[in-house]
Amino acid sequence: MDLRQKVIDLLTLSKEVGDLPSSVAAPAEEQLGLSLAEIKSFDRESLRVLQDTCSDPDSQQEVFDTIEAGFVDENCNGGRYQLNKFPSVIDLNYIRHQRQLLGIQLGCVTNKLYTMIYQKQTCCASELCKVLELQESLDSALEICTTGRSNINQARSNLTAASLGLLAHYRRQHHLRKITKSLKTIQTLGKMNERVQELLGEQNYAAAIQLIVEGQHVATTYRHFHCVAQLSSRLQDTMELAEEQLDVGLSKSCKEFDSDQYAKLQQAFTLLGKQSAAIDQLNLHFASGLQQQTLLLLQKYAELSCSSRSSANPDVEAATDFHKFQFHELCKFIDSKLYVACLSELSTTLWKITLNYNQIHQWHTDRPTVDAADIMPSVSFEQKFQHGRTRLWQDVQMKIRTLLSSFDVWHLSTDELLDMLDIVETLVDMGKQFCQSNSEVLRESVRRQSINYFRGFHRGKLDELHVFLENESWEQCPVRSDFNVFQLIEFRFLNQKDKSLTCNVEKPSDANFYALGSVLSPFASRAISSAEDSIICPSEISESSCECNDERKIGCGSPTPILANTTLSVLRLFGRYIHFMHLLKTIAFDVLICLNQLFDYYLYAVYKLFGAASPQDATSPKLRAVLLKIEETLISTAAPGSAGSHEDTAAFSPSLSDKVSCPKVCLSTQTDHPNHFYGLKLRLVAAESVVFLAHQLELLRPNLLDLIPSSKESLLQQFFSQITSVAHDLRTPIFSFVAHRHLDSEHITNLMSRVQWEVKEVMSQHSSYVDHILQVLSDYDSSVLRICYPLILPPEIYNILWDQILRACYHTLLDGFSAVRKCTNEGRALMQLDFRHFQVKVESLTRLRPLPDPSIVETYIKAYYLPENSLEKWIQEQTEYTPRQMMNLLQCVSQGSKKIRLNLTSFMEDLDLNRR
């Protein structure tokens, strides 16, 4: 055994038994080879070094830095740690050095420890006092606990068995009360199913749901009872039954909305927490209800159509069972007589469905918000309703489109077609109010059907107008003095439109279809008042008018309108065409072109019947241009029956299929006979009919402007400026014929040729032919008033009649003066005297003011006095006279000089060549 191991064993033994006996230590000294004196000497030396080190703080700090970490660890055995550091072979000097080093370190640590204890002596004393106080408190607590336990043991020993029995009985009583209450609750839970059924029968869904929910909560509380499990299952079945009845009630609200009943349903859904699901289910019920109701309606009309055909034709077998057909198949069975009624009732059914949907949506919109938590659900509900509106209106459009596309509109009359268009237009307006939809599906469907119908309709109406004009008697149609187009049945839709616009100013935009409390369908048949009674008034022409004087025969102010029966027919066609424009805005301008053709054809026909034989100068250039344009675009020169043979021609193009032949009427017995005053009364009715027609179009101009696109307004203005304005110009050629035929210019010219113009002295008496002309004019005035009676002659017509006959007199006088071969200055003075006397007397015969310009005659008479140079200039400036009148004037002027006659004749021939 080596020395290190022996020292370790020695240290271990010293720790176990304390100080070693001398018998044990002796061998170690012997083994180390040291005597006791040497060891003590070494200790003194170490003590000295230690004192020197502890006295110096820097040295002391250096010693602290040399202490190894192993000595600081509280779990470390310092002796064993140091011995483990010794090498295998131990040197005595090494041991001495280590012992001295450890002694110095131990001394420094001990010195430092004593110094710190000395510094903390006061704190240590105070803490020691606290420890003593704590010890006293613990002793007091121990005494209290001991006393308490003693008292508890005494109380336990003093309690009797009777007291404990009373407490046990009270506890048992409390437990039994709880059991009794639970049994009563379970009994009530068992009867709850019956009460729920009663509430559901009373349609008190909210109370029933509330009762079921409370029962489910109770069942959850008492689920530890076995019988409650069965009751909970029955409550769940009752809840499912209640939800089914809620769904049935929701479907009934789609058919007929009741705000109180619907409020109960929504309250029940709120209790269930299924408001969102209820809206989804509501949309499904509306879609299925729409399918079901429309299918039942079509089945009813299909059966009616089949029975109607069977009664009309017994050989036709009735259809077996319409319940097996789909909607689009049933549409094919609808009879044309029932088509509009079916469309109207179908639209009414769809309106009721959308009305219920709108009322339900309005109910949700008006419901007050409880708190901020309801904001998000309200937004979600609004989105669902908007989506449901769009989907529902799409289904409405598809149903109407299916019914429209499955029927040939050629089988409908015009009134029925207009009713159909009116219904569709109402649906389009309803779609705008219901979901802001333009209803393009409906518009395109009805547009396609209407174009096909209107092609043949317009062609047929032109042919019909052709027949009317050929059979027109041109007698006045008695109407009221205040008659206008708005009193006709065909224009009632404009009056209704104006009323609706007036109502819309005071009511909301949706008041027409979805106003609160709406019960009358917008598709219900309207009562149409008989407009015939209001416009036709035969009593306007009475016996008392026979006694009226000439002043009353020439009307002023607002006389009774003068129009023919065909004019009323054309006005009614205007109403139908404008109704088409109102209902079919996509082809409104094309329909307007066709309406213009009606007026053009009427204007052209009246001119050809009454104005074509008039003098050329009576027709204004503007009227001639319009007539030429009408003849090129509308009048057919082909043989009758060939027009309209091209069925595939576009509906609104000026093609051969749209042209109509001019009406051929034999009125020569009346228009050419002097006993009828050359048909003056017929001419008056015809001319005033055109003027009245143009005036009514002017009244309709604002309505037409509202119906056509803004880009086409200039064309409409052009129509009114170029077409309707010439209606007044049409009066002149119609009435000029009467004036020229009544005057008998040839006889007057013969009378003038008998007058001696080569007189030598100035005459003071006018010629006899002037009296003849004045007598003719006097007869003319009385004949006009007599023939036109009992009509009140418009002042414009009276002025035209006198203007034309006076112009005819001027030309007759001009022809008579130009026929004079020889004339003296006195003869020219006689001409002036005759013409002046004629002018003065005419002013007393007529109320026409001013009279037509007489300069054409006066200038011709005064030209006789012009010298040769001035005469040449005058001839060059005048374009109103015919070459024959000019040549006769030259011959009369140059009758005394052959040279002057030759010069003027040569000048006249050159001027005539230049003008050509």
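The values are calculated or read from the model by the stated rules, or taken from the named source; none is laboratory data. Predicted model, so just to flag it, every value in this text is computed and none were measured. Every residue, glycine among them, receives a Cβ derived from its backbone with ideal geometry; neighbour counts consider all protein chains shown. Quick note on the areas: whole protein, heavy atoms, side chains included, nothing else; ligands and nucleic acids left out. Shrake-Rupley method; radii C 1.70, N 1.55, O 1.52, S 1.80 Å.
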- [ ] Specify which of the listed residues (293, 261, 267) is at pLDDT 80 or above, under 26 Å from residue 387 (Cβ atoms) and open to solvent by 10 Å² or more (accessible area, probe 1.4 Å).
- [x] 293
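Take the conditions surrounded by fewer than 17 Cβ atoms within 10 Å (Cβ to Cβ) and touching an Asp or Glu at 6+ places or on another chain (Cβ under 7 Å) and apply them to residue 770. Does it pass?
no
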- [ ] State whether the residues of the stretch 134-141 include one that is modelled with pLDDT under 90, open to solvent by 60 Å² or more (accessible area, probe 1.4 Å) and not basic (Lys, Arg).
- [x] no
TODO: Give, as residue ranges, the helices (runs of 4 or more DSSP H) completely inside the stretch 498-612 that count at least 1 residues that are under 30 Å from residue 659 (Cα atoms) and at pLDDT below 80.
DONE: 565-583
- [ ] Of the numbered conditions (1) surrounded by 10 or more Cβ atoms within 10 Å (Cβ to Cβ); (2) farther than 30 Å from residue 80 by Cβ; (3) not small (Gly, Ala, Ser), residue 94 fails exactly one; give the number of that condition.
- [x] (2)
Open item on the list: residue 407 - would you say it is modelled with pLDDT under 90, surrounded by 14 or more Cβ atoms within 10 Å (Cβ to Cβ) and over 16 Å from residue 448 (Cα atoms)?
Closed with: no
Task: the stretch 693-713, residues that are closer than 27 Å to residue 609 by Cβ and open to solvent by 20 Å² or more (accessible area, probe 1.4 Å) - done: 695, 698, 699
Task: Count - residues of the stretch 792-845 that are among the basic types (Lys, Arg) and either buried (at least 16 other Cβ atoms within 10 Å of the Cβ) or in a helix (DSSP H, G or I) (or both) - done: 4
TODO: Could you list all residues from the stretch 687-734 that are more than 24 Å from residue 579 (Cα to Cα) and either among the β-branched types (Val, Ile, Thr) or part of a helix (DSSP H, G or I) (or both)?
DONE: 687, 688, 722, 726, 727, 728, 729, 731, 732, 733, 734
Task: residue 80 vs. criteria touching a residue at least 24 places away in the same chain (Cβ under 8 Å) and either in a helix (DSSP H, G or I) or surrounded by 14 or more Cβ atoms within 10 Å (Cβ to Cβ) (or both) - done: yes
TODO: Identify, by number, the condition in (1) more than 14 Å from residue 740 (Cα to Cα); (2) within 60 Å of the chain's Cα centre (by Cα); (3) polar (S, T, N, Q) that residue 804 doesn't meet.
DONE: (1)
- [ ] Answer yes or no as to whether residue 719 is within 30 Å of residue 561 (Cα to Cα) and at pLDDT below 85.
- [x] yes
Task: Residues (open to solvent by 20 Å² or more (accessible area, probe 1.4 Å) and of a type in the set (Asp, Glu)) located in the stretch 436-476 - done: 440, 444, 463, 464, 470, 475
